[in-house]
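Have a look at the structure below before the remarks.
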Amino acid sequence: MKDRNHWVHLAGIVAMVFWGMSFVWSTQVYQSLNPTTTIFLRLVVASIFLTAILFAFRINEKVKREHLKLFALAALFEPFLYFICEGYGLKNSSPIIGSGIIALIPLVTPIAARVFLKERLTPMNIVGFIISFVGVIVMLLNKNLELTASPKGILFLCGSVVVAVGYSIALIRLTKLYKPLTITWMQNIFGMVYFIPMFFIMEHFDPSNFANVGAYIGPLLCLGVFCSAVAYSLWAFAFSKLGASKANVYSNLIPVFTAIFSYLLAIEELTAFKIVGILVVVVGLVLSQLKTAN
């Protein structure tokens with residue numbers, strides 16, 4: 001059982017690595033494409049990749065008609081509404097600030113999980129959540145203890161937190177019915193369908209951007225394969241074993257990995273505040289996973 005738990009926690013961490021990097025990859029793609037166009041193409045890549053994997057290895061499951069509404073609801077929350085809020089929020093902020101606000105998810109999720117899923121938490125779990133979030137706040141401060149970001153960007157990012165919690169509730173129910181790969185495959189297909197009208201109507205896509213495809217094709221493929229396909233599959237697996245509250249605390253690792261990758265790629269500076277914040281986040285994460293209430 002211990003070995004299995006190690007795999008569950010590793011799945012959560014790897015998913016956060018990819019999602020931490022997604023803020024960097026998205027920022028790179030947004031230099032050439034609009035958020036809606038980026039998200040639609042990202043979902044296309046993910047859907048093709050997962051379809052190939054499922055059918056090549058013959059591990060596809062038959063989805064029951066009565067469960068399609070639940071898949072549609074989950075996909076409405078995420079990727080559709082979540083990616084819209086995250087995409088336009090990130091376009092009006094920086095990668096680290098964007099990932100830091102997303103880290104609010106673990107603080108909001110336990111409340112929803114308590115109400116809708118009857119999940120129980122120990123005092124140590126709650127202390128871990130709070131400590132981890134404090135670490136995120138420290139990461140977002142500058143030397144003058146100021147948090148600077150566009151109000152529009154913050155509003156969109158806060159919206160992504162709300163819909164992510166709704167997705168968590170739907171995801172827990174889906175993990176009791178289907179395998180992680182099937183869930184991720186279906187939500188990407190539904191999400192792609194949701195984005196079709198926005199891609200062709202709401203976004204004034206400039207065909208000339210295709211001439212600059214070499215500048216964004218790499219990050220775009222990484223977003224589709226690693227962030228929308230692999231990471232979501234690992235996340236669904238972790239969710240099925242840990243529950244919504246304890247799994248979502250891993251979201252606090254997103255700004256940690258974003259800060260590290262942004263520094264390594266010379267996008268943002270890794271300050272003393274960010275280093276201290278990273279350490280606090282890790283301590284809080286460990287505490288939050290120590291013991292589950294019976």
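Structure data summary
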| read-out | value |
| --- | --- |
| Projected-area average for region 1-52 over all orientations - Cα convex hull basis, square nanometres | 4.7 |
| Using θ = phi - 60° and Karplus 6.51 cos²θ - 1.76 cosθ + 1.60, couplings along region 10-21 (whole Hz; Gly, Pro as x) | 5, 4, x, 5, 4, 4, 5, 4, 5, 6, x, 6 |
| For region 1-109, diffusion coefficient by Stokes-Einstein and Kirkwood Rh (Cα), 20 °C, 1.002 mPa s, µm²/s | 131 |
| Where region 12-63 is the region considered: accessible area per residue in Å², 1.4 Å probe | 40 |
| Burial ranking of peptide ranges 128-136, 255-263, 276-284 (average Cβ count within 10 Å, highest at the top) | 255-263, 128-136, 276-284 |
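The values are calculated or read from the model by the stated rules, or taken from the named source; none is laboratory data. As the structure is a prediction and not an experimental result, all values here were calculated from the model. Neighbour counts run over all protein chains shown; Cβ positions are idealised from the backbone, glycine included. These area figures cover heavy atoms from the full protein model, side chains too; ligands, DNA and RNA do not enter into them. Shrake-Rupley method; radii C 1.70, N 1.55, O 1.52, S 1.80 Å.
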